[in-house]
Amino acid sequence: MKMEWMDSLSSGDEVEILRFRTLLERARLAAMMAPLGTLYIAWLAWTATPWTWVVGWMLLNSVSDGISYVLASRWLKQPLPHERIAAALNWQIVLRVLQGLSWGAAIVLFHGPGPDAAMGDMIILLVLISISAISVTNMAPSFSTMLTFCAAVLIVPFVFFLTLGETFYVNLSIGLGILFLVEMQVGWDAYRQFVEGVRQLVQNRSNRRQLEQRNGQLDALNQTLQVMAVHDQLTGLYNRHFIVDQLERQYEMFGRYGNVCSIVLIDIDHFKNVNDSFGHGVGDAVLVSFARCVEPLLRQGDFFGRYGGEEFILVLPMTDQAAAVQLAQRIRTNLKDCDLLAEQEHAWCVSASFGVAQIRAGESLESWMVRVDQALYRAKDNGRDCVVAE
């Protein structure tokens, strides 16, 4: 059963709630089964007792069972707050006392005259003993409830048999007293075992919740570490290590399948002047703004990363040199519309230089990287703010 609403409770409160809930579930089941015993005793007494007594006793028994069923169903459907459980348990005890006295009253009401009276009393007593014995395990969640119910069931025949004074009935009274003591011993053991079991269940649930929480924290930490392992902490772009891995992968794909790929190496122009004029904090803000300005222009599947300092790199799978140059020009033009220092309240026109290189057949990965680096240097030598393909 799902009871997530209990997760905020202390372990002691949770134990009390589970005990009370189990008691209600068993009380409802007992109330459903009780009419069988009621009908059986009524059938035994029907011919030897006035029908009005039989019907009255049946109504008395049925009313208490009905109240028990309704209350148990209601409190199971709408669980009581922890602070109200003690009061509700007291009402359960009162109700069990009334039920027990009602059952025990059958001995007095249906005690017939003549030699057959003892046989009838023994049969009814057997039913009462069975009911009290069953309640030892049925009411194990609450020892006080079990004690009062068993006492209420057995006290009436115990006292009644003593008043009859006959040796047979006195012996029955003594037997009932011994039976009650044995039931309480067994009941106390059942109660302790039940409580210990519930405590262990609560502890296991608490351990499971803690384990799930720690696993969740570890999963979140692992995800964070995975992100940090491949992303630049400042800009959130891929880091150099991840980009190099992608370059190696694209180089392998070209060698195996001939898949074309181009790379674009980007360097923000005069970035040192930004740091010198406005401080490294503004410089970091420019790097972040630059990354956010470029990202919307890329396709899904393109890899954009920070290569180091103010250098950025684009790995463009399935893209030839002409398309890479076109993208680089679009980025360069778009930078003019992105005021990277606007949020810092500084006036500075930020531009970038671009080197482009498409992988060639027969060349090494290192040669490919040297060519794109040379293209970037030529772009800087040409006055910056331009795109050069190698």
Of the residues in segment 77-131 that are exposed (fewer than 12 other Cβ atoms within 10 Å of the Cβ) and of a type in the set (Asp, Glu), the one that is nearest to Met58 (Cα to Cα) is Asp116
Of the residues in segment 355-364, those that are farther than 13 Å from Val315 by Cα and either touching a helix residue (DSSP H, G or I) at 6+ places or on another chain (Cβ under 6 Å) or aliphatic (A, V, I, L, M) (or both) number 1
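Inspect all residues belonging to segment 150-160 and state whether any of them is assigned to a helix (DSSP H, G or I), among the aromatic types (Phe, Trp, Tyr), touching a His at 6+ places or on another chain (Cβ under 9 Å) and surrounded by 12 or more Cβ atoms within 10 Å (Cβ to Cβ).
Initially, segment 150-160 is screened for residues assigned to a helix (DSSP H, G or I), giving 150-160.
Checking the rest, the ones that are also among the aromatic types (Phe, Trp, Tyr) come to 158, 160.
Adding the requirement that they be touching a His at 6+ places or on another chain (Cβ under 9 Å) leaves 160.
From what is left, the residues that are surrounded by 12 or more Cβ atoms within 10 Å (Cβ to Cβ) are 160.
Checking segment 150-160: at least one residue is assigned to a helix (DSSP H, G or I), among the aromatic types (Phe, Trp, Tyr), touching a His at 6+ places or on another chain (Cβ under 9 Å) and surrounded by 12 or more Cβ atoms within 10 Å (Cβ to Cβ).
Under the condition of being surrounded by 17 or more Cβ atoms within 10 Å (Cβ to Cβ) and of a type in the set (Gly, Ala, Ser), which residue from segment 64-76 is nearest to Leu24 (Cα to Cα)? Please lay out each step first, then the result.
Taking segment 64-76 first, the residues surrounded by 17 or more Cβ atoms within 10 Å (Cβ to Cβ) are 64-65, 68-69, 71-72, 75.
With of a type in the set (Gly, Ala, Ser) added as a condition, the list becomes 64, 68, 72.
Numbers: Ser64: 15, Ser68: 9, Ala72: 5 Å.
Checking each candidate, the answer is Ala72.
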| said: Asn275 - would you say it is of a type in the set (S, T, N, Q) and closer than 23 Å to Gln233 by Cα? | reply: yes
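Given the residues Phe254, Phe271, Phe290, which is the only one that is within 13 Å of Val350 (Cα to Cα) and touching a strand residue (DSSP E or B) at 6+ places or on another chain (Cβ under 7 Å)?
Numbers: Phe254 fails: within 13 Å of Val350 (Cα to Cα); Phe271 fails: touching a strand residue (DSSP E or B) at 6+ places or on another chain (Cβ under 7 Å).
Unique residue meeting the criteria: Phe290.
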Of the listed residues (Leu234, Leu218), the one being outside any helix (DSSP H, G or I) and outside the structural domain of Gly309 (by TED's automatic domain parsing) is Leu234
All conditions in (1) assigned to a helix (DSSP H, G or I); (2) more than 21 Å from Gly66 (Cα to Cα) are true of Ala140 except (1)
| query | For Gly258, are the conditions met, namely being surrounded by fewer than 20 Cβ atoms within 10 Å (Cβ to Cβ), out of contact with any Ser or Thr (no Cβ under 7 Å at 6 or more places or on another chain) and on the phi > 0 side of the Ramachandran plot? | reply | yes
> Do we have any residue at all in segment 271-284 that's touching a Phe, Trp or Tyr at 6+ places or on another chain (Cβ under 9 Å), farther than 21 Å from Glu390 by Cα and in a loop (DSSP other than H, G, I, E, B)?
Replying inline: no
Cβ pairs under 9 Å, 6+ apart or interchain, first in segment 57-74 and free of Cβ contacts under 8 Å to residues at least 60 places away in the same chain and closer than 11 Å to Ala42 by Cβ, second assigned to a helix (DSSP H, G or I) and of a type in the set (Ser, Thr, Tyr), ordered by first then second residue, are Trp57/Thr38; Trp57/Ser102; Met58/Thr38; Asn61/Thr38; Asn61/Ser102; Ser62/Thr38
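The values are calculated or read from the model by the stated rules, or taken from the named source; none is laboratory data. Every value quoted in this text rests on a predicted model; they were computed, and no experiment measured them. Counting neighbours? That spans all protein chains shown, and the Cβs are built from the backbone with ideal geometry, glycine included.
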